Amino acid sequence: MTQAIRIDIENKDQLSGIRSFLAAVMEKAGIEAMLVPSRLAVKNRIMPTLVSDPARLAYADPLSPSFPVNGAQQLTRLTRLPAGGKLAAVLRPCEIRAFNELVKLNQGKRDDVVIIGLDCPGALSNTDFRAFADQHESSDAATRAFCASAFSDPADDEALPCTAACLACEHPIPNGADIVVELFGIDSAGGLTARARTEMGETVLMGLDLPPAEAAPPQRKTAIDSTVAKRKQFREKMFSAVSEATGSLQGLSTYLADCVNCYNCRAACPVCYCTTCVFTTDTFRHEPFQYLQWARRKGGVKMPTDTLFFHLTRMAHISTACVGCGQCTNACPNDIPLSNLFSWVAHHTQGAFGYEAGLDLSQRPPMCGFEKEEYGEVVGI
């Protein structure tokens, strides 16, 4: 796909230019509603919003470093059954990958939804974003300040307290989107480029009546390569620290010692989709006499119980589908770096299957099919 259009930018105001582009897509591509991060009317905060009125896109803010929830969860709610109209969704790269995994798991559908992705410099934790946003008079001002640092050359990494999940992410480009808005290595004084990656995306762009864009400048690849190299280096250090901290059962228990079984991480995880979790069923609603027996046997038993078992079960369930979005850490009330641990486990699990979650919609998830010759050293055949 080579179809690309130029998004005109005035005074390097990327946010206003992208808002105008999204409004054009909605008005001219037959989009009934668009899921897009937007400013709340009641507070200086950003949340995914389903917009049906193009005028409401004046509050859209997909460049904000706010990342309160993974939008893949919301998009599955809109696509698991026919919605009655064509939809568009503006997603981060990790949200696109999570949605692709959910589509493979029959939790959502790609039909009748146009996915628009933007290059992603990272996001802040909920706590850090609140502090960052409150330093500025408006969410627009906060976003513009963030972009000025994130897309400077070189990027001002020290001024951007992005999450560890973002600093370790090697997929800052929204592969899997129908349309990609290019930001890395681009001088916005000359406008931005929206480039089609699929036939659906090309059809949408061709109908916008906007000027064509030139090929991406060489500095774009340089900026992307530099970003990915730094993130891989950070990830290696992060994985090394996790491996050292959790290399034994005692170490893993210590790492997860602050868990209170709130299950926030399960609720925030985009690929943990079971409507009924075994940990909220009678299986783990133990009888009073059982607790007393355990206490007598051991001399004492930590309450709540089953915290370590809960996380081990989640690892087994979602390590093949984890996209490293970091929402589990973001949701933890006790600041346990869960994403560091789960990303490390997922890296090894997916590596064993030659699989990267969400990158290829046509690739079957591990253990969803039978291979005639597979793991002979394990099965002994």
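The values are calculated or read from the model by the stated rules, or taken from the named source; none is laboratory data. Note that the structure is predicted; figures quoted are calculated from it, not measured. Cβ sites come from the backbone with ideal geometry, for glycine too, and all protein chains shown count toward neighbours.
Looking only at residues that are among the hydrophobic types (A, V, I, L, M, F, W, C) and in a loop (DSSP other than H, G, I, E, B) in the range 73-89, which one is modelled with the highest pLDDT?
L81
Conditions first: (1) within 20 Å of the chain's Cα centre (by Cα); (2) farther than 24 Å from I186 by Cα. E95 passes all but one, so which condition is the exception?
(2)
Do we have A352 as crowded, with 23+ Cβ neighbours inside 10 Å, in contact with a Pro (Cβ under 9 Å, 6 or more places away or on another chain) and over 13 Å from S125 (Cα atoms) here? Quick ask: steps written out before the conclusion?
Details: crowded, with 23+ Cβ neighbours inside 10 Å: no; in contact with a Pro (Cβ under 9 Å, 6 or more places away or on another chain): yes; over 13 Å from S125 (Cα atoms): yes.
So A352 fails the test.
Please go through the range 255-297 and pick out each residue that is at pLDDT below 90, assigned to a helix (DSSP H, G or I) and either among the aliphatic types (A, V, I, L, M) or within 20 Å of T320 (Cβ to Cβ) (or both).
Once the filter is applied, which keeps residues that are at pLDDT below 90, assigned to a helix (DSSP H, G or I) and either among the aliphatic types (A, V, I, L, M) or within 20 Å of T320 (Cβ to Cβ) (or both), the range 255-297 yields V278, F279.
Return yes when T222 is in a helix (DSSP H, G or I) and either out of contact with any strand residue (DSSP E or B) (no Cβ under 7 Å at 6 or more places or on another chain) or within 30 Å of E27 (Cα to Cα) (or both) and no when it is not. Steps first, answer last, please.
Details: in a helix (DSSP H, G or I): yes; either out of contact with any strand residue (DSSP E or B) (no Cβ under 7 Å at 6 or more places or on another chain) or within 30 Å of E27 (Cα to Cα) (or both): yes.
When the stated conditions are applied, T222 passes them.
Taking strands (runs of 3 or more DSSP E) that fall entirely within the range 106-208, which contain at least 2 residues that are touching a Phe, Trp or Tyr at 6+ places or on another chain (Cβ under 6 Å) and within 30 Å of A83 (Cα to Cα)? Step through it out loud before you land on a result.
On the way: elements: 113-118, 179-182, 192-196.
Per the criteria, no element qualifies.
Conditions first: (1) of a type in the set (A, V, I, L, M); (2) assigned to a loop (DSSP other than H, G, I, E, B); (3) surrounded by fewer than 18 Cβ atoms within 10 Å (Cβ to Cβ). I336 passes all but one, so which condition is the exception?
Looking at each condition in turn, I336 falls short on (3).
Looking only at the range 50-78, count how many residues are within 15 Å of T143 (Cβ to Cβ) and surrounded by 18 or more Cβ atoms within 10 Å (Cβ to Cβ). Write out each step before concluding.
Quick first cut of the range 50-78, residues within 15 Å of T143 (Cβ to Cβ) only: 57-68.
Keeping just the survivors that are surrounded by 18 or more Cβ atoms within 10 Å (Cβ to Cβ) gives 57, 59-68.
Counting residues in the range 50-78 that are within 15 Å of T143 (Cβ to Cβ) and surrounded by 18 or more Cβ atoms within 10 Å (Cβ to Cβ) gives 11.
Tell me the residue from F342, F310 that is surrounded by 10 or more Cβ atoms within 10 Å (Cβ to Cβ) and either closer than 30 Å to K232 by Cβ or in contact with a strand residue (DSSP E or B) (Cβ under 8 Å, 6 or more places away or on another chain) (or both), please.
Values: F310 fails: either closer than 30 Å to K232 by Cβ or in contact with a strand residue (DSSP E or B) (Cβ under 8 Å, 6 or more places away or on another chain) (or both).
Of F342, F310, the one residue that is surrounded by 10 or more Cβ atoms within 10 Å (Cβ to Cβ) and either closer than 30 Å to K232 by Cβ or in contact with a strand residue (DSSP E or B) (Cβ under 8 Å, 6 or more places away or on another chain) (or both) is F342.
Within the range 200-220, which residues are surrounded by 13 or more Cβ atoms within 10 Å (Cβ to Cβ) and not small (G, A, S)? Can you show your working first?
Keep residues of the range 200-220 that are surrounded by 13 or more Cβ atoms within 10 Å (Cβ to Cβ), which gives 200-208, 210, 213, 216-217, 219-220.
If the condition is that a residue be surrounded by 13 or more Cβ atoms within 10 Å (Cβ to Cβ) and not small (G, A, S), then M200, E202, T203, V204, L205, M206, L208, L210, P217, Q219, R220 are the ones that fit.
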